[in-house]
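Enquirer: Submitted below is the structure of interest, expressed as structure tokens.
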Amino acid sequence: MEDQGTLAYMLRPGTLELRHYAVPRDVEPGALLLRVVQTNVCGSDLHVFEGRHPHVKSGGLGHEMVGRIARLGAGVDRDSAGEPVRVGDRVVPVYTSSCGRCQSCSRGDPEHCATGFRRFGRVDEAPHFHGSTFATHYYLHPDQKFYRVPDRVSDAAASAANCALSQVLYGLDLVEVGVDETVVVLGAGGLGVLATAIARKRGARVIVLDRVASRLEVARAFGACETVEVDRFAGADELRAQVDALTGGGADVVVEASGVPAVFAQGLYYLRTKGRYAVMGTISPGLTTDFDPGTLVRRSVTLHGINRYPPDYLRRALRFLAAHEGEFPFARLFDAQFPLEQVQLALDKSRRREVQRAAIRVAP
């Protein structure tokens, strides 16, 4: 293994530089050192890069990835599900950690650990290659869960497992998407496309809305029954009438995967009485929109705000991929690939919407 690695450091929102540090030689008991294979530009990375996070204005970026084990700490011979692992195996980590002692951990919600992001982006602190995946290496601490990637699962599919796919699996479980239900998905980015695939495998009829025709084409490849190009309609009322006609009076479930607050407000009107609303795209704090809370009440809507996922959902995501990857073109989720040296370009093109989803390929 090389003695020096590289990582991307955000000096300020919108500006990165590549930094070089010694690759850790000593891995503490219970920890692992990974060689990053592929990491992706997620919507939440863009929120930070664009300066929309209220606190994070510098540091490392990236959390969605697949890597190969480069070094194992003492006592590590199995993943978090008990599967044997060895140097060279591909694994995916849960990007948060859990202390096991705070209120959330004690109540069975480790994904909301009070200190779950204590290392996130802190690449200026040794061992440097932790908390961020826009790098050649990733140091996985003993309090992080990880799972071995099945051999038949591709790098492209595995790289999306520890964020988008796990999040969507958890979210659709919470709203209990079932057979013969109608699901409206708002947004055909990574979250929306994966929500489409999962809902279809559960026997639902899926309608996807987006402004971009090429994104809707990908949604159809992932099982969308109907798609609606939003900009073809004169306004919100006309769009609402179209969705109402397609759903026969309202969807059983709406999944907000757009990240646009105004879209969240519109989604309330696409639900039938006693419909369920899964909101997982709009995560930036401080952004507001006008909406009619009476609509939520009159329709007896159940609303679930969904952020992060219980660690075991990453194992379930890998099982979903092992069972169904051949049915969906996961490589089409990434319409542009960049080397690590071009990570600034990948982020710039992503925020200008010149690419749908950028992959950063780091190692074979």
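Enquirer: What lysines could a cross-link reach from Lys57, if we take a straight Cα to Cα line under 24 Å and drop same-chain neighbours fewer than 8 places away?
Expert: Lys349
Enquirer: Let me ask something else about it. Please list 3J(HN,Hα) in residue order for the range 162-169, calculated via the Karplus relation 6.51 cos²θ - 1.76 cosθ + 1.60 where θ = phi - 60°; whole Hz, with x for glycine and proline.
Expert: Taking θ as phi minus 60°, the curve returns 7, 9, 4, 5, 4, 4, 5, 4 Hz for the range 162-169.
Enquirer: Among Thr289, Thr227, Thr273, which one shows the biggest mean-square fluctuation in a GNM of the chain, springs joining Cα atoms closer than 10 Å?
Expert: Comparing Thr289, Thr227, Thr273 in a Gaussian network model of the chain, the most mobile one is Thr289.
Enquirer: Turning to a different aspect of this structure: Let me know the shape class of the range 114-214, please: from the alpha-carbon gyration tensor, a ≥ b ≥ c as square roots of the eigenvalues, rounded when a/c is under 1.5, otherwise prolate if a/b is greater than b/c, or oblate.
Expert: Verdict is prolate for the range 114-214.
Enquirer: Also: Just subtract the alpha-carbon distance of Gln4 and His20 from 0.36 nm times their residue separation and send over the number in nm, one decimal.
Expert: Result for the pair: 5.1 nm of gain on full extension.
Enquirer: Next question. For Val206, enumerate residues with amide H under 5 Å from its amide H, sequence gap 5+ or separate chain, H modeled in the peptide plane.
Expert: For Val206, whose amide H was placed from the backbone, the distant partners under 5 Å are Val183, Cys225, Glu226.
Enquirer: Whole-Hz Karplus ³J(HN,Hα) for the range 306-313, in order, using 6.51 cos²θ - 1.76 cosθ + 1.60 and θ = phi - 60°, x for Gly and Pro?
Expert: Working through the residues one at a time gives 10, 9, 6, 7, x, x, 4, 5 Hz.
Enquirer: Can you put Val230, Val297, Val87 in order, fewest other beta carbons within 10 Å first?
Expert: Val297, Val87, Val230
Enquirer: What does the charge dipole of the range 164-305 about its Cα centre add up to, to the nearest 20 debye, if the Cβ of each Lys and Arg holds +1 and the Cβ of each Asp and Glu holds -1?
Expert: It comes to approximately 280 debye.
Enquirer: Still on this structure: Might you report the magnitude of the Cβ-based charge dipole of the chain about its Cα centre, with Lys and Arg at +1 and Asp and Glu at -1, to the nearest 20 debye?
Expert: Rounded to the nearest 20 debye, it is 320 debye.
Enquirer: Now for a separate question. With n ≥ 4 as the cut-off for DSSP H runs, can you work out [θ] at 222 nm for the chain, using -39500 (n - 2.57) per run divided by the number of residues, rounded to the nearest 500?
Expert: Here the helix-only value at 222 nm equals -7000 deg cm²/dmol.
Enquirer: Before anything else, pin down the relative contact order of the chain: Cα pairs under 8 Å, at least 6 apart, normalised by residue count, whole percent.
Expert: Over the chain, the number comes to 18 percent.
Enquirer: Another question, then. With each label point set 7 Å from Cα along the Cα-Cβ vector, what nm distance links Leu345 and Glu28?
Expert: In this crude spin-label approximation the distance works out to 3.8 nm.
Enquirer: Can you work out the Karplus-derived ³J(HN,Hα) for every residue in the range 97-108? Use 6.51 cos²θ - 1.76 cosθ + 1.60 with θ = phi - 60°, whole Hz, and x for glycine or proline.
Expert: 10, 9, 7, x, 10, 6, 4, 5, 4, 5, 9, x
Enquirer: If you filter the range 114-144 for trypsin sites (Lys or Arg not before Pro), then keep DSSP loop positions with at most 16 other Cβ within 10 Å, what is left?
Expert: Arg118, Arg122
Enquirer: In the range 127-164, which trypsin sites (Lys or Arg not before Pro) fall in coil by DSSP and have 11 or fewer other Cβ atoms within 10 Å?
Expert: Sparse-neighbourhood loop trypsin sites (Lys or Arg not before Pro): Arg152.
Enquirer: Related question: Among the GluC sites (Glu not before Pro) in the range 83-189, which ones are in a DSSP loop with at most 16 other Cβ atoms within 10 Å of the Cβ? Mind listing them?
Expert: Glu125, Glu176
Enquirer: Something else about it: Output the 0 to 90 degree angle, nearest 10, between the alpha-carbon long axis of helix 236-247 and the longest principal axis computed from the alpha carbons of the chain.
Expert: 90
Enquirer: Would you please classify the overall shape of the chain from the alpha carbon gyration tensor, given that a ≥ b ≥ c denote the square roots of the eigenvalues, rounded means a/c under 1.5, and beyond that prolate means a/b larger than b/c while oblate covers the rest?
Expert: It is prolate, given that a/c is not under 1.5 and a/b is the larger ratio.
Enquirer: Another one. Does the range 230-330 come out rounded, prolate or oblate by the C-alpha gyration tensor, with a ≥ b ≥ c the root eigenvalues, rounded set by a/c under 1.5 and, if not, prolate when a/b is larger than b/c and oblate if not?
Expert: The shape class here is prolate.
Enquirer: Under a point spin-label approximation (7 Å from Cα along Cα-to-Cβ), what is the Asp292-Ala331 distance to one decimal in nm?
Expert: Each label point lies 7 Å from its Cα, and together they span 4.8 nm.
Enquirer: What whole-number volume per residue, in cubic angstrom, does the convex hull of the C-alpha atoms of the range 279-339 give?
Expert: 212
No lab work stands behind these numbers, since they all come straight from the coordinates. On a predicted model such as this, the values are computed, not experimentally measured, just so you know. Here the Cβ is made from the backbone with ideal geometry for all residues, glycine too, and neighbour counts use every protein chain on show.
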